[in-house]
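The values are calculated or read from the model by the stated rules, or taken from the named source; none is laboratory data. In this text the structure is predicted, and so the values were computed from the model without any measurement. So basically every Cβ, Gly included, is an ideal-geometry build from the backbone, and we count neighbours across all protein chains shown. When the accessible area is computed, the model is the full protein with side chains, heavy atoms only, and any ligands, DNA or RNA have been set aside. Shrake-Rupley method; radii C 1.70, N 1.55, O 1.52, S 1.80 Å.
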Amino acid sequence: MRKKIVAGNWKMNTLVSQGKALAEELNAFMKTYDMPEGKLVIIGTPFTHLSTCVEAVDTKKIHVAAQNCSQFEKGAYTGEVAANMIKDLGVEYTIIGHSERRQYFGDTDEVIATKLAQCYANGLSPILCCGEKLEEREAGKHFEVIESQLRNALKDVSAENFKNTVVAYEPVWAIGTGKTATPDQAEEIHAFIRGLIAKLYDAKIADDTTILYGGSVNAGNAANLFAQPDIDGGLVGGASLKANDFISIIKAI
Ligand code: PGA
């Protein structure tokens, strides 16, 4: 069954006290909100905020995500955080392969594949990001880029493991720029991704996969994006830091 999801990506923002207050505000809203079956809210917080946020919310109504995990299992990797440490906090998801990690922290397709393996081995559901840069879109290479990112990331992922994966399409040119993909542009890629998943796995798995759109989603454009048949929700950066904006986006799902 395909789930609809609104996921916040707080990135490297808020102090723990501020993140806690935001989580509590969202929790107070979700307590009174009748969220239909099969629709989920996720907040993706910095590592330092995870335990506090897991404790601050009803995790049946607000699921908590990390934004990364180590590609290694454990050991002498100073500064790294292992997937099982994240899972141990009561966290259910982690974002993997965000374009900011690809750009600044050396998350190549190969690294992303090993991080996915760590997620599956430790019962964390990855939110696997893909997306083309502006120059790749202008050169008409967007389908090719998305296909290669997903094929490389998923090359060793079994159907059983893939079923625990959420995919997020985030065109790099739309992230934090205020320049959203139009619903048609996003739908075109989402349909393409679903077709690719059908080729890599099968049509049933493709139909059940949640594919999120990310890149300047806000309270004003969410409903039109989410109305597209292959857009199953959003991965929301900037607008997830303001409770009222995020709540409007939740209502749009
Ligand atoms: P944005 O970020 O909503 O601020 O564009 C989205 C993301 O990077 O996940």
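Are any residues in segment 14-29 within 25 Å of Thr210 (Cβ to Cβ) and either free of Cβ contacts under 8 Å to residues at least 40 places away in the same chain or hydroxyl-bearing (Ser, Thr, Tyr) (or both), and if so, which ones?
Gly19, Ala23, Asn27
Report, by residue number, each residue of segment 93-139 that is small (Gly, Ala, Ser), assigned to a loop (DSSP other than H, G, I, E, B) and either touching a strand residue (DSSP E or B) at 6+ places or on another chain (Cβ under 9 Å) or within 18 Å of Gly214 (Cβ to Cβ) (or both).
Once the filter is applied, which keeps residues that are small (Gly, Ala, Ser), assigned to a loop (DSSP other than H, G, I, E, B) and either touching a strand residue (DSSP E or B) at 6+ places or on another chain (Cβ under 9 Å) or within 18 Å of Gly214 (Cβ to Cβ) (or both), segment 93-139 yields Gly97, Gly131.
Looking at Gly238 and the list (1) within 11 Å of the ligand (Cβ to nearest atom); (2) in contact with a helix residue (DSSP H, G or I) (Cβ under 6 Å, 6 or more places away or on another chain), which single condition is not satisfied?
(2)
In this structure, does Glu160 turn out to be more than 16 Å from the ligand (Cβ to nearest atom), open to solvent by 60 Å² or more (accessible area, probe 1.4 Å) and farther than 30 Å from Tyr120 by Cβ?
Taking the combined requirement at face value, the residue does not satisfy it.
Is it the case, given these coordinates, that Ala76 is loosely packed, with under 14 Cβ neighbours inside 10 Å, part of a helix (DSSP H, G or I) and either without any contact (Cβ under 8 Å) to a residue 24 or more places away in the chain or among the hydroxyl-bearing types (Ser, Thr, Tyr) (or both)?
Against the criterion (loosely packed, with under 14 Cβ neighbours inside 10 Å, part of a helix (DSSP H, G or I) and either without any contact (Cβ under 8 Å) to a residue 24 or more places away in the chain or among the hydroxyl-bearing types (Ser, Thr, Tyr) (or both)), Ala76 does not qualify.
Quick check on segment 102-115: of everything there that is under 16 Å from Ile146 (Cα atoms) and open to solvent by less than 60 Å² (accessible area, probe 1.4 Å), which residue is farthest from the ligand (Cβ to nearest atom)?
Looking at the filtered set, the residue picked out is Ala113.
Here is a check on your reading of the model: is Lys179 within 15 Å of the ligand (Cβ to nearest atom) and modelled with pLDDT under 95?
So Lys179 passes the test.
Check off (1) among the β-branched types (Val, Ile, Thr); (2) within 16 Å of the ligand (Cβ to nearest atom); (3) buried (at least 21 other Cβ atoms within 10 Å of the Cβ) for Ile197 and give me the number that stays unchecked.
(2)
Restricting segment 9-41 to residues that are of a type in the set (A, V, I, L, M, F, W, C), closer than 24 Å to Glu100 by Cα and surrounded by 12 or more Cβ atoms within 10 Å (Cβ to Cβ), which is nearest to the ligand (Cβ to nearest atom)?
Taking segment 9-41 first, the residues of a type in the set (A, V, I, L, M, F, W, C) are 10, 12, 15-16, 21-23, 26, 28-30, 35, 40-41.
So of that shortlist, the ones also closer than 24 Å to Glu100 by Cα come out as 10, 12, 15-16, 22-23, 41.
This time we only want the ones that are surrounded by 12 or more Cβ atoms within 10 Å (Cβ to Cβ), so: 10, 16, 22-23, 41.
Details: Trp10: 10, Val16: 21, Leu22: 15, Ala23: 18, Val41: 15 Å.
Filtering segment 9-41 for residues that are of a type in the set (A, V, I, L, M, F, W, C), closer than 24 Å to Glu100 by Cα and surrounded by 12 or more Cβ atoms within 10 Å (Cβ to Cβ), the one nearest to the ligand (Cβ to nearest atom) comes out as Trp10.
Which one of these does Ile231 not meet: (1) within 15 Å of Glu132 (Cα to Cα); (2) open to solvent by less than 30 Å² (accessible area, probe 1.4 Å)?
Of (1) within 15 Å of Glu132 (Cα to Cα); (2) open to solvent by less than 30 Å² (accessible area, probe 1.4 Å), only one is false for Ile231: (1).
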